[in-house]
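Any read-out appearing in this document is the output of simple, stated calculations on the displayed coordinates, not a laboratory observation. Predicted model, so just to flag it, every value in this text is computed and none were measured. Here Cβ is always computed from backbone atoms with ideal geometry, including for glycine, and neighbour counts include all displayed protein chains.
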Amino acid sequence: GAGVSQTPSNKVTEKGKYVELRCDPISGHTALYWYRQSLGQGPEFLIYFQGTGAADDSGLPNDRFFAVRPEGSVSTLKIQRTERGDSAVYLCASSLVGQDSYEQYFGPGTRLTVT
Amino acid sequence: AQSVTQLDSHVSVSEGTPVLLRCNYSSSYSPSLFWYVQHPNKGLQLLLKYTSAATLVKGINGFEAEFKKSETSFHLTKPSAHMSDAAEYFCVASGAGSYQLTFGKGTKLSVIP
């Protein structure tokens, strides 16, 4: 079946601009996660959705970052007033439920470059 | 709080020789531990996971890992490397019943023909 998909695969934007990154989880997965992977680092947790609500957004670095999942399926990560330090690969994952016993399936990521 | 340390940023082996990727964790409780693999332009794929059952865990593609509580280690091994094993490997921990994954910095495995 189809895995987690993310669009776009690459995004180049200018400092100060607004960007949206989209994630399509595996059908039927109620839990959705966003991670950020900076160069040379492992992915870092940003936010977790259970259904439509953000159950844990403790990893969002500041209020320029926001994510939604209005219908409990597709999610959009939104970044306002982008900064060069936001350049990274943004990964989305989904799972059946939000517990460690359930495998998180990752998408290929969106590489964001802020110039 | 928990943390994961991957002791080598880069490991290079010859095809057909054993692979050892080292990982140590720090946690105030027994975590669940995972190894993920990331091939270029591909999503992270779960290789194996430890969730307090057997300490020797077998995964896909001939990989296995052993949980050693006394050494707080979870090293990944494979008896014989294949060219297709060349990728980045991440050791990952999560808290009991938690969804939040904590990743190590990754180890890049190169396989020399």
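If you bin every alpha carbon distance in chain B into 10 Å steps from zero, what whole percent lands in each bin?
15, 50, 29, 6, 0
Take every Cα pair under 8 Å in chain B that's 6+ residues apart, average their separations, divide by the length, and report that relative contact order as a whole percent.
Values: 289 pairs, mean separation 42.5, N = 113.
Dividing the mean separation by the residue count of chain B yields 38 percent.
Rank these for me by crowding, A:22, A:81, A:36, going from fewest to most other beta carbons within 10 Å.
Details: A:22 15, A:81 11, A:36 21.
In increasing order of surrounding Cβ atoms, one gets A:81, A:22, A:36.
Given the C-alpha centroids of region A:27-43 and region B:47-85, what is the distance between them in whole angstrom?
Going from one Cα centre to the other spans 22 Å.
Starting from region B:19-97, pick out the chymotrypsin sites (Phe, Trp or Tyr not before Pro) whose DSSP state is loop and whose Cβ has at most 10 other Cβ atoms within 10 Å.
On the way: sites: B:25, B:29, B:34, B:35, B:36, B:50, B:63, B:67, B:74, B:89, B:90; in loops: B:29, B:63.
In loop regions of region B:19-97 (DSSP not H, G, I, E or B), the sparsely surrounded chymotrypsin sites (Phe, Trp or Tyr not before Pro) are B:29.
Convex hull over the alpha-carbon atoms of region A:37-94: what's its volume per residue in Å³? It would help to have the intermediate numbers written out before the result.
Details: hull volume 4.8 nm³, N = 58.
Spread over its residues, the Cα hull of region A:37-94 gives 83 Å³ apiece.
Return the loop-located trypsin sites (Lys or Arg not before Pro) in region B:42-101 (DSSP other than H, G, I, E, B) with at most 15 other Cβ atoms within 10 Å of their own Cβ; answer none if there are none. Show your work: numbers first, answer last.
Values: sites: B:42, B:49, B:58, B:68, B:69; in loops: B:42.
When the trypsin sites (Lys or Arg not before Pro) of region B:42-101 are filtered for loop state and at most 15 Cβ neighbours within 10 Å, B:42 remain.
Which of B:3, A:87 comes first, and how do the rest follow, when ranked by fewest Cβ neighbours within 10 Å? Intermediate results must be reported in sequence, preceding the final value.
Numbers: B:3 11, A:87 16.
Least crowded to most crowded, the residues run B:3, A:87.
Give, to the nearest whole percent, the P(r) tail of the protein assembly as shown beyond 30 angstrom, counting all Cα pairs.
Pairs farther apart than 30 Å: 24 percent.
Going Cα to Cα from residue B:58, which lysines come in below 24 Å? Please leave out same-chain ones fewer than 8 positions away.
Within the straight-line limit of under 24 Å, residue B:58 reaches these lysines: B:42, B:49, B:68, B:69, B:78, B:105, B:108.
Taking 7 Å along the Cα-to-C-beta vector as the label spot, tell me the residue A:55-residue A:22 distance in nanometres, rounded to one decimal.
For the pair residue A:55/residue A:22, the computed spacing is 2.6 nm.
Please report the relative contact order for chain A, taking Cα pairs under 8 Å with a sequence separation of at least 6, and give it as a percent rounded to a whole number. Mind dumping the intermediate values first?
Values: 293 pairs, mean separation 41.7, N = 115.
Relative contact order of chain A: 36 percent.
Considering only DSSP beta bridges where both residues belong to chain A, give the percentage that are antiparallel (nearest 5).
Details: 33 of 37 bridges.
Expressed as a percentage, antiparallel bridges in chain A total about 90.
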